[in-house]
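Engineer: Below: one structure in C-alpha cells.
The values are calculated or read from the model by the stated rules, or taken from the named source; none is laboratory data. Keep in mind it's a predicted model, so treat the numbers as computed, not measured. So basically every Cβ, Gly included, is an ideal-geometry build from the backbone, and we count neighbours across all protein chains shown. Accessible surface is based on the protein model in full, side chains and every heavy atom, while ligands, DNA and RNA are left aside. Shrake-Rupley method; radii C 1.70, N 1.55, O 1.52, S 1.80 Å.
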Amino acid sequence: MTGSGDSTLLGRALADAFAPDSPADEVTTRLLDAAYDQFCRMGIRRSTMEDVARRAGVSRITAYRRFATKDALVEQVVRREFRRYFDQFLIDISSARTAADRVVVGFASSLRAFRNNPLIGGLMTAEPDLLVPSLINDGGQTMAVVQRFVAARLRVDQQDGHISPSVDVDLVAEVWTRLSASFLAIPSQLVDLDDDTQLQDIARRFLAPMLTPTNTAMPTAPS
C-alpha cells in the first residue's frame, strides 16, 4: 500500500462498515477469507494479490476481477472486521441496564475487541504505520466516523430518557473517542488494556460521570 490512500484506510473502511452490506458471491467470500488469513499471518506489506489468490484457490486474474487493486482488497477486509466489531459491540451493551452501565461495558469491550482482533490488533502492533496515521493524519475523518457512531448510541439513550437533554452527547462522544484512540495508538505504562476490570473502573470513574448534566457551560470562541 502506497501513496495518500494509506492515511485514509481506516476512514474509508469505517465509513463503509455502516453502509448496507450486499451479499458477496462465493468467490469473493473466499478471497476475503483468504486475504484475512494471509494478512494475519504475514502482514499486509509482505502479502501480494498472488498470495491471496493462491490461498483462496483461484487464479490471479480472478482475484483482480473481484478487486482491482491490493488496496481495494485490504480496505474490504478491514471493513468486514469493523462491521463485525460494531455488531459485537451492540451485542455486548445490550444486556446493560443503564446508560452508565453501557458506557462501562462498551469502553472495555471496544478496547478488548480492537486489541484482540488478529487483523486490526496485529497490524497496530506489527505495522502501526499503516493504521495509526489514519487516526491522526486524515483531518479527523476516521475519528469523526467513530464519534458519530458513539453519539448515535448516546442519542438513543437520550431520546429514551436515560440521559438528560442538557448533556451534549456529541461532545461526550468526541472525548470518549479520542481517549479510546489514544489508548489504542500509544502504549500505556499505567493502564493494563488487557485488564477488563481496570478498564471498567476507569469508565465508571471518569467516563460515566460525563453523562450527568452540569451547570458549567462550554466557553464560546470570541467572535
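Engineer: How large is the dipole of the stretch 24-127 about the Cα centre if only Lys and Arg carry +1 and Asp and Glu carry -1, each at its Cβ, rounded to the nearest 20 debye?
Structural biologist: Values: 18 positive and 13 negative charges, 28 e Å.
Dipole about the Cα centre, nearest 20: 140 debye.
Engineer: Subtracting the Cα-Cα distance from 0.36 nm times the residue separation, let me have the gained length for Arg205 to Tyr64 in nm, one decimal. If you can, show how the numbers build up before the last one.
Structural biologist: Working: separation 141, 0.36 × 141 = 50.76 nm, distance 5.03 nm.
Extending this stretch completely gives an extra 45.7 nm.
Engineer: At 1.4 Å probe size, with every protein chain present, just tell me what the per residue accessible area of the stretch 48-96 comes to in Å². If you can, show how the numbers build up before the last one.
Structural biologist: Working: 2500 Å² over 49 residues.
Ligands and nucleic acids excluded, the result is 51 Å² per residue.
Engineer: Under 20 Å from a point placed 7 Å out from the Cα of Ser188 along the Cα-to-Cβ direction: which residues of the stretch 84-110 have their backbone N that close?
Structural biologist: Only 89, 93, 100-110 fall inside the zone, counting backbone N under 20 Å.
Engineer: On to the next question. Run the simple label-point estimate for Arg45 and Val27 please: 7 Å along Cα→C-beta, distance reported in nm.
Structural biologist: 3.2 nm
Engineer: Residue separation times 0.36 nm, minus the C-alpha to C-alpha distance between Glu127 and Arg115: what's the value?
Structural biologist: Values: separation 12, 0.36 × 12 = 4.32 nm, distance 1.36 nm.
Result for the pair: 3.0 nm of gain on full extension.
Engineer: Cβ neighbours within 10 Å, averaged per peptide: list 177-183, 29-35, 58-64 in order, most packed at the top.
Structural biologist: Working: 177-183: 17.1, 29-35: 20.6, 58-64: 14.9.
By packing density, highest mean first, the sequence is 29-35, 177-183, 58-64.
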